[in-house]
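A.B. asks: Take this structure first; my questions come after.
The values are calculated or read from the model by the stated rules, or taken from the named source; none is laboratory data. Computed from a predicted model, the values in this text were never measured in an experiment. All Cβ positions, even for glycine, are placed from backbone atoms using ideal geometry, and neighbour counts span all protein chains on display. The accessibility values were calculated without ligands, DNA or RNA, using every heavy atom of the protein model including side chains. Shrake-Rupley method; radii C 1.70, N 1.55, O 1.52, S 1.80 Å.
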Amino acid sequence: MARIIVVTSGKGGVGKTTTSAAIAMGLAKKGHKTAVIDFDVGLRNLDLIMGCERRVVYDFINVVNGEATLHQALIKDKNCSQLYILPASQTRDKDALSKEGVEKVLDELSKTFKYIVCDSPAGIEKGAHLAMYFADDAFVVTNPEVSSVRDSDRMLGLMSSKSRRAEQNLEPIKEYLLLSRYSPERVKLGEMLSVEDVQEILSLHLLGVIPESKSVLNASNAGIPIILDEKSDAGQAYADIVARYLGEEKPHRFIEDKKGFFGKLFGGK
Amino acid sequence: MSLLDYFKTSKTSSASLAKERLQILVAHERTSKNQPSYLPELQDELLNVVRKYANVTQDAIFINFEQDEHQETLELNIILPDNNGKNKS
């Protein structure tokens, strides 16, 4: 049986696809056979972030409709043999996905994969609902910003009432906070919600903080999941997140302001 | 106390403002989310019953639903008009 992870947020542009690509790659690199599915039908982007956009032949909807087998549609990652990508359809609209269709695909994947990462679209419509419906674990990607925090809370509410686990009175989805685009300098200046603030408001278990980092754009430009950039702070943050998720003890990093010369001059202490 | 701290304290931090606004909003949205969906209808029907006996307006009836770990409370508050006796049929 695979463990199904949904990467969700409610709000768009907070880093769901970046996170999906990074953690799927991280899990696969740890030796776990992992599939990552793009649920954003009509606006697929996971293929670009994973750098496999030119290898897409069949997609998720083709498999749901029986026009292609799962084996035909899955794209084997070029960097890691344990990782497979199931792209979203670019042409069909969101109604092409059904609960039964998604369940069928997930059931089939569960037979051979250890982890299935579902990259949710933004919003709370059908695609987002189906992405989280079958989940065992939820990675809630949140930016330290009011609208993102509010939307995350809304998403948490939906997961606790409208998911399979909620409807069948099973053990609830395990929810984790991934705080992305964090800037310790701005937190220190009182310009940004701190990790404690966000945790207090959402009462979520913190899986990791991803610092605001230029390397994220560089990685997406190149189509290489950020976790493979082991020198970058964001890449290291995702590596920590994967390790913590798998049960390793890792102290949290990237929360404190690392002061430079000017910081020392003006920052006291 | 560094030079920067002096400027920092001179203005209210926008982060604390954000936190305060979010806490109020999230608390409010969580309670309304858990409310039973029949509340507006219940309010309407109750109002009609009360109106048979007293001349009350829509604004004079309040329904408040509260939930804690042990129980759910439905609080009903109707403000009767001063001359309610005269309106009884």
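A.B. asks: State which entries of A:Lys30/B:Lys19; A:Lys104/B:Lys33; A:Lys214/A:Lys250; A:Lys104/A:Lys162; A:Lys16/A:Lys114 exceed 26 angstrom in Cα-Cα distance in the structure shown.
C.D. replies: Check vs 26 Å cut-off fails for A:Lys30/B:Lys19; A:Lys104/B:Lys33.
A.B. asks: Suppose every K and R has +1 on its Cβ and every D and E has -1 on its Cβ; what is the size of the dipole of region A:85-230 about the Cα centre, in Debye to the nearest 20?
C.D. replies: 300 debye
A.B. asks: With an 8 Å Cα cut-off and a minimum separation of 6 or more residues, compute the relative contact order for chain A in percent.
C.D. replies: 24 percent
A.B. asks: Using a probe radius of 1.4 Å on heavy atoms only, what accessible surface per residue do you get for region B:20-79? Whole Å² is fine.
C.D. replies: Value returned for region B:20-79: 78 Å² of accessible area per residue.
A.B. asks: On a 1.4 Å probe surface of the protein chains, which of A:Arg164, A:Arg253 comes out largest in accessible area, and what is the full order?
C.D. replies: Result, largest first: A:Arg253, A:Arg164.
A.B. asks: Let me ask something additional. Answer with one residue from A:Leu43, A:Leu204, A:Tyr245: the one whose Cα lies farthest towards the positive end of the charge dipole of chain A, charges on Cβ with Lys, Arg +1 and Asp, Glu -1.
C.D. replies: Final value for the positive-end residue is A:Tyr245.
A.B. asks: Next up: Okay, helix-only estimate at 222 nm for chain A: each DSSP H run of n ≥ 4 adds -39500 (n - 2.57), divide by all residues, round to 500 deg cm²/dmol; what do you get?
C.D. replies: Rounded to the nearest 500, the figure is -11500 deg cm²/dmol.
A.B. asks: Give me the net charge for the shell around A:Leu178: Cβ to Cβ below 12 angstrom, other residues only, Lys and Arg +1, Asp and Glu -1.
C.D. replies: Net charge in that neighbourhood comes out at 0.
A.B. asks: Okay, moving on. Expressed in nm to one decimal, what extension gain is obtained for the pair A:Arg253 and A:Glu53 from 0.36 nm per residue of sequence separation less their Cα-Cα distance?
C.D. replies: 68.7 nm
A.B. asks: Right, next: Rank A:Asn143, A:Ser183, A:Cys80 by how far each Cα sits towards the positive end of the charge dipole of region A:3-263 (+1 on Lys, Arg Cβ; -1 on Asp, Glu Cβ) and give me just the farthest.
C.D. replies: A:Cys80
A.B. asks: Here is a further query. Put +1 on the Cβ of every Lys and Arg and -1 on every Asp and Glu Cβ in region B:20-79; which of B:His28, B:Ala54, B:Leu74 then has its Cα farthest towards the positive end of the dipole?
C.D. replies: Of B:His28, B:Ala54, B:Leu74, it is B:Ala54.
A.B. asks: What nm distance separates the two modelled labels at A:Glu200 and B:Glu72, each placed 7 Å from Cα along Cα→Cβ?
C.D. replies: Distance between the two pseudo-spin positions: 3.1 nm.
A.B. asks: Here is a further query. Tell me: how much accessible area in total is hidden between A and B, 1.4 Å probe, Å², nearest 100?
C.D. replies: Chains A and B together bury roughly 1600 Å² of accessible area.
A.B. asks: Ok, one more. Give me the distance in nm between label points sitting 7 Å out from Cα along the Cα-to-Cβ direction at A:Ala166 and B:Ser16, one decimal.
C.D. replies: Label-label distance for A:Ala166 and B:Ser16, simple model: 3.5 nm.
A.B. asks: Place a +1 charge on the Cβ of each Lys and Arg in the protein assembly as shown and a -1 charge on the Cβ of each Asp and Glu, then give the dipole magnitude about the Cα centre in debye, rounded to the nearest 20.
C.D. replies: 940 debye
A.B. asks: Counting other Cβ atoms within 10 Å of each Cβ, which trypsin sites (Lys or Arg not before Pro) in region A:46-155 have at most 16 and sit in a DSSP loop?
C.D. replies: Hits after loop and neighbour filter: A:Lys78.
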